[in-house]
Every structure is written in C-alpha cells, then in structure tokens.
Amino acid sequence: MTFRRNVRLNPGQVRDLRGAGGGRRLGFPGGFNLPTGGMGSGGGSGLAGGGIGTIILLVIIIVVVLYLNGGLGGGGGNGTAQPTGSGLADCQTGQDANERLDCRIVGFVNSIQAYWTDEYERQGKTYQPAQTTLFTDVVDTGCGQATSDVGPFYCPVDKQIYIDLSFFTVLEQQYGASAGPLAQAYVLAHEYGHHVQDIEGTLAAAQDGTTGPTSGGVRVELQADCFAGVWAGNAVDTGYLEPITQQQVNDALSAAAAVGDDRIQSKATGQVNPETWTHGSSDQRQSWFITGYNQTLPAACDTFSGGL
C-alpha cells in the first residue's frame, strides 16, 4: 500500500501523546494482559490470559458495559498537551507517510475518515469525526486509564481511538501477521468501524453477555472487520492511496487471521473452545473483511442477521 507522494495530510486528526505517560501503570479497567501462557479457567471469559485475544477491541465490550452504566471517572483523555517535539507536524505529504510509521497512521486516519464522510453524505447524513491518539505505555481516556497491553481500542465515552505503535511489532513478531502497511491499516479501519457502530447505535450489541461464534460481541467485531474491508475497497477513491494489490490484501488478511479467537486459543493452549469466542475465528474475520472489500458498501456488513 503506497500513498500518493504529493497528497496533503492532515495531522490534526491524530493526537500525539507519546512520551507523555508516566506514573503508575494501572491498566485499563477490566483490561487484559498479552497472553504469556495459560487460559482463563472455570467460568471466566476463556481469553488467552486476556490479551491479544482482546485486541482489536474485545476491550470494547468492557468499555460499552461501563459506558452504558454511566462510564468511568478519571481522566478524559482531552486535557493533555502534545509532548514538546512531537513529530506529527512534519507529516505533511503522502511521501512522509511512505517513509514514517507515525505519518502513515495520519494518512490512514485521513483516508478512513474521508471515506466515511463521503459515505454518510451519500446517505444524507453527517459523519462525526473521531480523533486517533498515539501513546506510549499508558494513557488516560474517557473510559479510564489504559496500558498498551490492551492493544488498540475505541473509547465510546470520548469518541477516540487509542494505539501504542509497538502493537504492530507484537502483532508481527509474536502472532505472525504481515508487517505490510495494509495489515496496519486494517487495525485502524477496524477501530473506526467501532466508531461508526457507536454513531449508528449498534455498538451496544457487544454487551449481550454471551460468548460463542454467533454471540453479539462476535457479530460486532466481525461487522467492524467488514467495515474495514469496505474502506479498503474504496480507499483509492479517497485520493490518498495508489491502487491496492492482491498481495496487500493478503497482508490485511494475515492480520485478521492472526487475531482470530481460534488462532489465539490454539497458540496459548493447543486447544480451541468456540463457546468462549468473543471476536470470531480467523476464517470468519478474513471472510467478513473480504466481503466488505469486494462489495464496497456498508450494507453488505449485516452480521446481525442469520449465520456467520
């Protein structure tokens, strides 16, 4: 995935709090650690130590529960200035995005939001932009304090996406995902899919209290995967990107497969228990991304009706 060299970027859509953390690492309320061996036992969630089984937003289930019960106190994620020397101001062109990861995130966010803005206009509605925040190790959000261990997440209280860029290294080196740019873009586009669900009022379906391959949480996550595919199918038309190749699509699919519940469980314990799934299998996640990519319309992403 290559950005058009001279396209102008808008770094104002991304907030840079890298290096502004510090203090005690309290962890995201209800959050999870990356799996280091062993599954949850008994009647628990069955997540791999929590962790990467929760990334790309199982944590959204917890956030929604807290949000619908009045949210959490604490930091709102909007009162911290960017650290001195933040480099995002230098992210001005597509060439910058081709050369630097943080500028690439700016370009992804710009393209994703350009797509959803146009799509909402096509439907006669108004898209509500969401900012992405880059952080290191720990960050205060409207949903509470989070550490990088929970992976990228969307907070519906302050309408922001949060990501520690070290996540991409973990995803590649520990879970076998591609390091290609469209694999990285898939992560951001999935989180913006949750933002769209929040706007549409469907995000609360993750709070049905069930697990399993057809649970509400799985349906929410798979729809976000499909929305990510829809963006990818329309990404060139946003004006930011050169045509996408099949290899780049394969890169995105490798990321979707890497965070499938079955892949996470098998890696952690050598066993797979579909009844504890919260995000969907690798095949499901890949299938819904491709559905969105091929059909290019959000209407194709109805994961709430029928089988998955």
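Where a number appears in this text, it was derived from the coordinates with a stated rule and is not lab data. Because the structure is predicted, anything quoted here is derived from the model rather than measured. Quick reminder, even Gly has a Cβ in these numbers, built from the backbone with ideal geometry, and neighbours come from all protein chains shown.
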key: Gain on full stretching of the segment that runs from SER305 to ASP283 - 0.36 nm per residue minus C-alpha separation   = 6.1 nm
message = I need the calculated FRET efficiency for the pair GLN246 and ASP208, taking r as the beta carbon distance and R₀ as 41 Å, to the nearest 0.05.
response = 0.65
query = What is the sum of charges around ARG263, taking Lys and Arg as +1, Asp and Glu as -1, for the other residues whose C-beta is under 11 Å from the C-beta of ARG263?
reply = -1
ask   = At what distance in nm do the modelled label points of THR296 and ASN273 sit from each other, each positioned 7 Å from its Cα along Cα→Cβ?
value = 4.4 nm
task = With an 8 Å cut-off on Cα pairs and a minimum separation of 6 or more residues, tell me the relative contact order of region 202-308 in percent.
result = 41 percent
ask   = Roughly speaking, what is the stretch gain from VAL236 to TYR120, that is 0.36 nm per residue apart minus the C-alpha to C-alpha distance, in nm to one decimal?
value = 40.0 nm
